[in-house]
Amino acid sequence: MSNNFHHVVTLGTRGSGLARWQTEHVINLLKEVHPHLEARTQLITTHGDQILDKPLPLIGGKGVFTAELEAALHQQEIDFAVHSLKDLPTENPEGLTIGATPTRANPADALISRNGYKLATLPHGATIGTSSRRRAAQLLHRRPDLHIIEIRGNVDTRLRKALDKDGDYDAIVLALAGLERLGLTDTVTEKLSFDDMLPAPGQGALAVQCRDDAEVLAWLAPINHAVTAIAVTAERAFLASLGGGCSLPVASYGEIQEGKLYLRGRITAPDGSKQIDVVGESTVELGVANELGAELAQLALGQGAAELLETLS
């Protein structure tokens with residue numbers, strides 16, 4: 001690590017408006033605790049940004065938005081990469097780690113419909129756009145009549161497609177956090193309840209990825225939000241223990257209330273025909289959160305989760 005590290009850092013970012021917002025947000029958090037910091041951003045195009053005409057699971061799913069940023073970290077071209085945590089595979093690549101998870105934004109999903117429909121009021125056979133198997137499966141579980149079609153592109157592109165009066169979509173589903181960060185919540189028709197749509201593990205949280213270096217980790221520690229870190233650790237442990245990547249229809253959400261960590265996990269058949277929900281609680285500690293996620297995964301596997309996931313392989 002270079003001696004001038006504490007004064008000048010380079011952060012890798014994808015080019016979308018949301019990715020740039022997230023990187024600037026982390027820079028601002030760092031400047032609050034390291035006032036003399038100079039931060040540079042380096043634009044990195046990922047595989048997922050280049051191929052926009054294919055469904056995500058078909059182009060790699062896991063790591064499709066992160067591999068190029070990780071390579072730049074390994075090659076020391078950048079010091080940090082800022083990711084949406086839900087896009088980050090659950091296993092850390094050799095030599096890299098998550099240095100900080102800042103305070104989480106709203107983890108919920110939002111329905112956007114140009115005609116103001118809500119999930120319950122969408123017409124029979126309505127067409128919904130999403131590129132997430134998790135969202136598609138849960139939508140079909142609630143409304144088997146819905147017609148789900150692929151939608152790709154950044155938040156602005158998807159909103160434009162959703163609101164186009166001659167477009168293909170009666171509604172689309174997006175993460176509420178991204179809309180809040182970009183100041184676009186006026187487009188939201190309905191914030192979906194967790195009963196209808198449990199979020200992806202880590203949804204709404206950011207991850208600052210770095211090389212696994214004690215000095216770097218100590219330097220990032222002040223922007224780590226312990227409550228967020230513990231909740232997302234449990235969520236990601238649930239996903240990892242199911243052997244799953246971010247392209248599986250697996251949802252989980254952890255929250256801390258009155259000194260306890262409560263975790264919900266959900267696996268949904270891709271066609272929505274069956275859904276397994278599991279819940280658990282533990283004390284509020286990182287190691288215990290990890291165990292809770294793994295235990296809930298075992299509980300779900302005992303209820304037939306593997307059979308639901310097998311249909312995708």
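The table below lists the values:
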quantity: Accessible solvent surface per residue of the chain, calculated while the other protein chains remain in place, 1.4 angstrom probe, Å²; calculated: 44 Å²
quantity: Carbon and sulfur %, accessible surface of the chain computed with the full protein complex present, 1.4 Å; calculated: 48 percent
quantity: Whole-angstrom gap from the range 240-292 to the range 152-231, using each part's C-alpha centre; calculated: 18 Å
quantity: Range in the chain, longest, excluding exposed GluC sites (Glu not before Pro) [loop by DSSP; at most 11 other beta-carbon atoms within 10 Å]; calculated: 95-257
quantity: At 0.890 mPa s and 25 °C, Stokes diffusion of the range 210-313 via Kirkwood alpha-carbon radius, µm² per second; calculated: 169 µm²/s
quantity: Cα→Cβ-extended label distance, 7 Å offset, between ASP145 and ALA294, nm; calculated: 4.6 nm
quantity: Residue-averaged [θ]222 nm for the chain, counting only DSSP H segments that reach four residues, each worth -39500 (n - 2.57); calculated: -9500 deg cm²/dmol
quantity: Taking the range 160-313 and dividing mean pair separation by its residue count, relative contact order in percent (alpha carbons under 8 Å, at least six apart); calculated: 19 percent
quantity: Where trypsin sites (Lys or Arg not before Pro) in DSSP loops with at most 14 other Cβ within 10 Å are excluded, longest remaining stretch of the chain; calculated: 166-313
quantity: Across LYS31/LYS191; LYS161/LYS274; LYS86/LYS165; LYS118/LYS274, pairs whose alpha-carbon gap is larger than 24 Å; calculated: LYS31/LYS191; LYS161/LYS274; LYS86/LYS165
quantity: Net dipole in debye of the range 80-162 [+1 Lys, Arg Cβ; -1 Asp, Glu Cβ; about Cα centre; nearest 20]; calculated: 440 debye
quantity: Potential lengthening between GLN42 and GLN75 on full extension [0.36 nm per residue; Cα-Cα distance subtracted]; calculated: 10.5 nm
quantity: Computed accessible area, ILE223, all protein chains, 1.4 angstrom probe, square angstrom; calculated: 10 Å²
quantity: Sequence-separation-based contact order of the range 240-291, relative, with Cα cut under 8 Å and 6+ spacing, percent; calculated: 27 percent
quantity: Heavy-atom accessible area ranking, 1.4 Å probe, most first, across THR130, THR45; calculated: THR45, THR130
quantity: Contact order relative to length of the chain, as percent, for alpha carbon pairs under 8 angstrom and 6 or more apart; calculated: 20 percent
quantity: Candidate residues ASP212, ASP164, ASP186: accessible-area rank, largest first, probe 1.4 Å; calculated: ASP186, ASP212, ASP164
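The values are calculated or read from the model by the stated rules, or taken from the named source; none is laboratory data. It should be emphasised that the depicted structure is a prediction, and the values quoted were computed from it without experimental measurement. No Cβ is skipped: glycine too gets one built from the backbone with ideal geometry, and neighbour counts run over all protein chains shown. These accessible areas exclude ligands, DNA and RNA; they are computed on the full protein's heavy atoms, side chains included. Shrake-Rupley method; radii C 1.70, N 1.55, O 1.52, S 1.80 Å.
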